[in-house]
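*Asks:* Quick one: the structure is below, and I'll ask about it shortly.
What follows draws every value from the coordinates through simple rules; no lab data is involved. Just so you know, these numbers come straight off a predicted model, no measurement behind them. Quick reminder, even Gly has a Cβ in these numbers, built from the backbone with ideal geometry, and neighbours come from all protein chains shown.
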Ligand code: SF4
């Protein structure tokens, strides 16, 4: 069976007014811009909710992961409510629990500690992107 590389779509929650929501966005940027620029992509979750054709096509043809700021899991639930099969879902608060010495601050913009935690979270998610990017071709 042939292997084929796909893009992995990373959907963060909007997280307005919440530090862990800001961490979800920053982790996504770290993933798509620094850690896996050739295999991770992101798009605006709202475009999925309004059923934008291109966005629907993107999430239909590629594996999707969601990164939420808290247990409410708005990104995962929004994606699934649109019929998206979410391959893996994460909550940024768990990355903080694993790195308790790095308490992020900031809402519209993360502080230096928050940006470092986002970079660590993105590094830890690299293997997930790699696994999902390589799909068995049917
Ligand atoms: S998952 Fe939590 S932080 Fe993210 S948008 Fe929902 S309530 Fe806000």
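*Asks:* Determine the principal axes of the Cα atoms in segment 9-128, then give the extent along each, sorted from largest to smallest and rounded to whole angstroms.
*Replies:* 41, 28, 20
*Asks:* What ranking do 60, 100 get, fewest neighbouring Cβ atoms within 10 angstrom at the top?
*Replies:* Ranking 60, 100 by Cβ neighbours within 10 Å, fewest first, gives 100, 60.
*Asks:* When the chain is treated as a GNM, springs tying every alpha-carbon pair under 10 Å, which of 123, 68, 101 comes out with the largest mean-square fluctuation?
*Replies:* Residue with maximal mean-square fluctuation among 123, 68, 101: 101.
*Asks:* Measure nothing but the geometry: give the 0 to 90° angle between the long axis through the Cα atoms of 112-133 and the longest principal axis through the Cα atoms of the chain, rounded to 10°.
*Replies:* In the chain, helix 112-133 runs at an angle near 20 degrees to the longest axis.
*Asks:* Quick one: order 54, 105 by neighbouring beta-carbon count within 10 Å, fewest to most.
*Replies:* 54, 105
*Asks:* Now for a different question. Within a 10 angstrom radius of the beta carbon, how do 88, 34 rank from fewest other beta carbons to most?
*Replies:* Listed from fewest to most nearby Cβ atoms, that is 34, 88.
*Asks:* Using alpha-carbon pairs under 8 Å, 6+ residues apart, how would you state the relative contact order of the chain in percent?
*Replies:* 37
*Asks:* Below 8 Å between Cα atoms, with a sequence gap of 6+, how large is the relative contact order for segment 70-138 in percent?
*Replies:* 19
*Asks:* Round to a whole angstrom and tell me the spacing of the C-alpha centers of segment 83-115 and segment 1-62.
*Replies:* 15
*Asks:* For the chain, what does the helix formula give at 222 nm: sum of -39500 (n - 2.57) over DSSP H segments with n ≥ 4, over the residue count, nearest 500 deg cm²/dmol?
*Replies:* -13500 deg cm²/dmol
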